[in-house]
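We did not get these values from a lab; they are worked out from the coordinates using the rules stated. Everything numeric here is computed off the predicted structure, so don't read it as measured data. Cβ coordinates were reconstructed from backbone atoms using ideal geometry, including for glycine residues, and neighbour counts include every protein chain displayed.
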Amino acid sequence: MNDLEFGSCLYKLYHSTVKLEAETVGGNKNCADLTVNELNLIEAIRRLSRGSEGPTISAIANEMEITRPSTTVAINKLAAKDIVTKNECEKDGRSVRVKLTAKGEKAYSAHHSFQNSLAKDIRANFTEEEYKTITASLAKLTKFLGDKVNELEA
């Protein structure tokens, strides 16, 4: 595979995964009006939640590596869809805490289920040795691309 084919493969991998999730999870009544980006945002909110306290918009922005204003817009869209609630932080009235609603938790479950199912299906197509190699390679590629993004932002 030459460099151009490799770049094309990365592009197709990303878009095929997004399309597959949109088609699969989009059929779920709890996710019908959600984009894949919104599902990833829901996942980040869930991952960052601690007990009964949801994450701040700043924490979500940092986790997603997007700007705070973009995160605020996305959170407002999720609030309008009854996926999240926004509450002022008790300790700092300037901060807003974001929590998943029951509908948001169901959307998270559908997203999480899709990811687990896809991972199992992919793993079934590789030997154990191939799977170890591909996961190590993906981790290295993810770090490389993350470092490149960080260089651009510096």
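Going by amide H atoms built from the backbone, whose H comes under 5 Å of the H on ARG97, apart from near neighbours?
ASN87, GLU88, CYS89
Where the only charges are on Cβ atoms (+1 Lys, Arg; -1 Asp, Glu), what is the dipole of the chain about its Cα centre, to the nearest 20 debye?
Dipole size: approximately 540 debye.
So between ALA119 and ASP33, what do we pick up on full extension, going 0.36 nm a residue minus the alpha carbon distance?
Working: separation 86, 0.36 × 86 = 30.96 nm, distance 2.41 nm.
Value of the extension gain: 28.5 nm.
With θ taken as phi - 60° and the coefficients 6.51, -1.76 and 1.60, list the Karplus ³J(HN,Hα) couplings across the stretch 131-145 in order, rounded to whole Hz; mark glycine and proline as x.
Going residue by residue, I get 5, 4, 5, 5, 5, 5, 5, 5, 4, 5, 5, 4, 5, 4, 5 Hz, with x marking Gly and Pro.
Using alpha carbon centroids, what distance separates the stretch 31-53 and the stretch 85-123, in Å?
Between the Cα centre of the stretch 31-53 and that of the stretch 85-123, the gap is 3 Å.
Under the rule of at least 5 residues apart or a separate chain, name every residue whose amide H is placed under 5 Å from the amide H of VAL84.
Those lying under 5 Å, H to H, from VAL84 are ALA79, THR101.
Nearest 10 degrees is fine. How inclined is helix 68-80 to the longest principal axis of the chain, computing both from alpha carbons?
70
If you wrap a convex hull around the C-alpha atoms of the chain and split its volume per residue, what is the figure in Å³? Write out the running numbers ahead of the final one.
On the way: hull volume 22.4 nm³, N = 154.
Residue-normalised Cα hull volume stands at 146 Å³.
Taking only Cα atoms, what is the 0 to 90° angle, nearest 10, from helix 102-123's long axis to the longest principal axis of the chain?
On a 0 to 90 degree scale, this one is about 10.
Reachable aspartates and glutamates from LYS86, Cα under 12 Å, same-chain residues fewer than 8 places away excluded?
GLU53
Considering only Cα-Cα distances, which of the following residue pairs are longer than 25 Å: LYS12/LYS120; LYS29/LYS132; LYS99/LYS143; LYS103/LYS143; LYS99/LYS120; LYS106/LYS132?
Check vs 25 Å cut-off fails for LYS29/LYS132; LYS99/LYS143; LYS103/LYS143; LYS99/LYS120; LYS106/LYS132.
Please compute the Kirkwood hydrodynamic radius over the stretch 71-154, one decimal place, Å, based on all pairs of different Cα atoms. Let's see the in-between values first.
Details: mean 1/r = 0.0608 Å⁻¹.
It works out to 16.5 Å.
Restricting the calculation to Cα positions, tell me the Rg (one decimal) and the Dmax (whole number) of the stretch 19-87 in Å.
In order Rg, Dmax, the Cα atoms of the stretch 19-87 give 12.1, 34 Å.
Among ALA79, ALA154, MET64, which residue has its Cα positioned farthest towards the positive end of the charge dipole of the chain, with +1 placed on the Cβ of Lys and Arg, -1 on the Cβ of Asp and Glu, and the dipole taken about the Cα centre?
ALA79
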